[in-house]
Every structure is written in structure tokens, then in C-alpha cells.
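The values are calculated or read from the model by the stated rules, or taken from the named source; none is laboratory data. Quick caveat: nothing in here was measured; it's all calculated off a predicted structure. Cβ atoms come from the backbone with ideal geometry, glycine included; neighbour counts cover every protein chain shown. The accessibility values were calculated without ligands, DNA or RNA, using every heavy atom of the protein model including side chains. Shrake-Rupley method; radii C 1.70, N 1.55, O 1.52, S 1.80 Å.
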Amino acid sequence: MKENINDKEAEQAFIDQIEGLKIDADQIFCDDQAAIACEKAFKIKYMFPWQRLVVANIMDAFYAVESQKKEKFRQNNESLEDIARHQIVLLPTGAGKSLCFQVPALLLPGPTLIIYPLLALMSDQERRMNEGSLKSVVFRGGQSQEERDENFRKLREDNYRIIIANPEVLDNESLLEKLSQCNISHIAIDEAHTVWEWGSSFRKSYLELGKIIKKLDVPLVTAFTATASPEVLENVNQVLFEGDAHIVRSESDRPNIHYYVYKAASKEKAALFLSKTEERPMILFCATRKHAEDMCRYINMAYGDQVSRFYHAGLEKEEKTRVEKWFFDKKDAVLCATCAFGMGVDKSDIRTVVHVDAPLTAESYIQEAGRGGRDRNVANAILLWNSKDEEKVSHFEKKSRFRAVMDFALSSSCRRQKLLDALGGEEAVCSGCDICDSLNSEKALLPMPGQSLTCDFLELLDLVKKGDRFYTEEKLEEAFLKRMKELTLPYLGINIWSHADYVSARDELFKMNKIRLASFPWKNRVELVRKKKTFSLSYS
């Protein structure tokens, strides 16, 4: 079962209607329990259409199930298939998924269990809920028996509405037995695409979630995600619901995210340049903890100790909390992070997201790029790419989901559409990408991210073209470093280029078969690779 929502038109019509009334909700009679709860708890005067749809599905399904329990079900002439007890909800990043399970949590008689994939995300959501009107308890690994007993006391006596947990802590028979006695009304699984992506590799507890749901015997279960290809969606449906889920899918496009690909042999130096010239707050995503720490160190060495911090799963809880607070309070910060900061941690005003290392799937890229622009203002998503990235994925089959990011990076057509194709083929008018902007006569004159810095290996190639067989490697390196310094010094105020950057650019051109070392009589000189001319002889 699927529901499709035309987000943009419905949302804008709804906003226009509300703003056109220009009256406070307190001034009119309202018997909509969800709307009242939303305003009282979160000071939000209206919900978007897709939020209302999901909330309505949850509430309707709960009371239908309750009617069945009271043997009134048959009188309603409904069938089990008509009740959306199990939903998978696909909404774009920044669309307000949290409200879809927080509002029902205020209205349902029992608490809501929310399953998050990351400890950082659990901590962030716990903080946000406790600062608001939703009291929450958290079950995580390493807790003492006293801490868990106190959590259950709060659930019994203090009307706590939210239980926060991760799959690993739920893979415990004793804890499950106690939770099953808490009259849980609803289970919400956030970032559900990780159920298959991580469960099939390094987090086996995810694959047990379907069994855990059955053991808890909770009437309603909703899985939420912003990004899922048809293959991932089908797998999540099978793991959690044995293929029997009601699917609510909105449009996946985020028009305020503008996509750019910047090709560079030395991606660290390109990232260093972008961290200075592009709008902040900014996230630089790196594949490993070490790379995130190194990028942070480079930035602080170049621009000062207070500019950047790093964030990854290897930090202690107190360290993560300090970094999160530092980043949330800053307007000009650069956070160097792994994917541990890639889901659900909500800083609304991030203006630029740079991927120094390419994610393996389009789902991951869209998810992480979607950290930007959650305030609905324009944000730029910039992917740095070179031949090493291509080598990592080129062995996968064509049209595999693991080649989608490469297809995006090497595309000569709309990058936005490439991403949407990877998620199932939704058509969209591009609101901003480097390919479409270059074809648009009005936008072509506007500066693009990194435009003031020409690609490093193309600068090197230009030098070789102008001085074919003139430069030795030593002289070519000298000319290259001089040119790159002249290009970037006006923007950065410092010289960032070194021998390693020349080697990276040279090796990139070698791999592309653009240059080579010449042989006699130009031995040890650098020359262009010339295409062999072919001759055909004809006989009359």
C-alpha cells in the first residue's frame, strides 16, 4: 500500500492559507487534538500536510486496534489490511519527521519507544525532548541496574512519554520482558534505511528488530527515513514487517540544496580552500576518524584554533556533548565529522556541506548533504572527487546502488536527477546544480563554489600543454606550486601548496593518460600523451 504526497504544492497552499488568515490559534475554536498538542508542547501553530497524514494514520490505527481488542472490530466492517499498523514513512531531510512520532506520543495512552541508530543521535534527541515538554528515558549499553530501575520508576510514576533506545540494548531478553510490561503504544524506528545497510554488515542486532517488535507485541510500528532506494526499501520492509507495511512516500527532492562536484587531486587542499571561501556554518564529511581529525588540524593551523572541531564515534560522551554545544552556538564554525554526525542531529542553519570523501551510496550522500539548509534557506552540497574515488567503486556492477555516487560525480546531465533516479526515478525540475547552472544563461554568470580555484590537476595539465617537453619534473613542480600559490593567496592569505600536492596532481594526470615522461631525445622531460594517428592505404 502506498500513498504519494505532492509536497511542494500542498505545503505552499497550506502556508499561504494559514498566513493569509493572520489570526492566532488561541483566537479560534479548535477541537483538533493533534494541532492543540503540537502548539502547546512545541509552540508550532500548524503541521504540514504529510505530517498530519502520518499522525492521523498512527492515531487511527491505534484506536482501530483498540476496537478490535474490545470485539467491536467486526461491527466497523474494516479489514486488517485497512489499518496502517505498520508504516514506512519516507520524508526528505529537514521535513519534520520527529514531529510525526512526538505528537502521537503526547496523545497515546502508553509511552512511545523510539529506536535510534547512533548514541550521538540518542543524546541529541534526549536533550531536545527534555528541554521541551516531552519527558524521556534512555536505555543504552553500560548502564547500571540502578539506572535502569530508575528509568522504569519514571515510566510508572512520573508519566514519562518517550523511551529512547538502540537495537543493541534491545537485544536483551530481561530488558525486553520489563519493557513489554510498560504498555508501549507505538514503536518509531528512525533512520530506518540503516536496518539493512548496517544490519547486513556490522550491526547484526538490526536484523533482529523484526523479532524484537513481535516480542514487545506493540500495536503500532512506524519506520522513518529520508533516503531509501527501492532495493533498500524492500529489504527494510521484509526485515521489520515481513513485507506487509503501509508505505507513505513524499517527494525526496530538497530544492533548497544545490549540488556541486569539484574535481581535485589534492582534496585536502581543496577542502581547506572551501572552508575559507564558502559560507559557514559548514560540515566537512570524512570517511574515517583520522581523516576528520587531520582536516580539523589543517584548518586550525591555517586559520586559527577556534575555527574547527572534529566529531566521530570514538569520542567520549562528554567530548561529543562539548563539540555539539560548540557547533550549535556558532555561526562561522567548520565541523570535521564522520557519518556519526550524519543523521538526525539538527542544526538548522548549516550553509555548506563538503564531502572530502565520497559516501558509498546515494542514500548516504543525500542523508549527509541534507544536514544543510534545514531552515529551508539555500545550502550548497559540494562533493570532492578524483580517480581514487572511482577506483574504489568501479568493480561494482553497472547500475548497482554502489555506483550511484560515481554516476552522480561523473554525470554530464543534471546531478539532482541522478540522485533522484537512484532513489526510484522521481522527476524534478532542478533548482540548482553545477551542470544545470552552467546551461542557464542567467545562473552561468553567478559564482559557483570553488570557482575562484581552478582544479589543481587541470592547472598542471595547462602548464604541460604550454611547455610540452620543456619542463623537467623539478621545474614543472616549481612552476605548478608558483601558479597555485598565485591563485589562492589572495583568498587565503597563506600558501597551502606543497610537494605532496604536486605529486597528487601529477599522478592524477598519469592515471588519466594525459601526460608521461618523454624518451630520447627529450629524456626526463614531461610531455603530453598524443593519440596515435592511423593511416589507411587504398589501392586503385
| field | Residue that is farthest from D389 (Cα to Cα), among those in segment 261-305 that are buried (at least 21 other Cβ atoms within 10 Å of the Cβ) and of a type in the set (S, T, Y) | value | S275
| query | Out of V236, V248, which single residue is buried (at least 23 other Cβ atoms within 10 Å of the Cβ), of a type outside the set (K, R), modelled with pLDDT under 90 and within 25 Å of V405 (Cα to Cα)? | reply | V236
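Quick check, is S538 outside any helix (DSSP H, G or I), surrounded by 12 or more Cβ atoms within 10 Å (Cβ to Cβ), at pLDDT below 90 and on the phi < 0 side of the Ramachandran plot?
Details: outside any helix (DSSP H, G or I): yes; surrounded by 12 or more Cβ atoms within 10 Å (Cβ to Cβ): no; at pLDDT below 90: yes; on the phi < 0 side of the Ramachandran plot: yes.
No, not satisfied.
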| field | Filter result for the condition that a residue is at pLDDT below 90 and closer than 21 Å to K276 by Cα, over S452, S498 | value | S452
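From the list V239, V248, which one is under 22 Å from E191 (Cα atoms) and assigned to a helix (DSSP H, G or I)?
V239
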| request: Taking K320 as meeting all but one of (1) closer than 30 Å to A505 by Cα; (2) in contact with a helix residue (DSSP H, G or I) (Cβ under 6 Å, 6 or more places away or on another chain); (3) open to solvent by 10 Å² or more (accessible area, probe 1.4 Å), write down the number of the exception. | output: (1)
| query | So which pairs qualify, if the first residue must be in segment 474-501 and small (G, A, S), the second must be surrounded by 14 or more Cβ atoms within 10 Å (Cβ to Cβ), the Cβ gap must be under 7 Å, and the two must be at least 6 apart or on different chains? | reply | A479/L463; A479/Y471
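Given the criterion under 21 Å from the mean Cα position of the chain (by Cα), closer than 26 Å to D456 by Cα and assigned to a loop (DSSP other than H, G, I, E, B), identify the matching residue among A265, A287, A271.
Only one candidate passes the filter, namely A287.
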| Which one of these does M448 not meet: (1) open to solvent by 30 Å² or more (accessible area, probe 1.4 Å); (2) over 22 Å from A271 (Cβ atoms)? | (2)
| task | Looking at (1) at pLDDT 85 or above; (2) open to solvent by less than 20 Å² (accessible area, probe 1.4 Å), find the lone condition where V378 falls short. | result | (2)
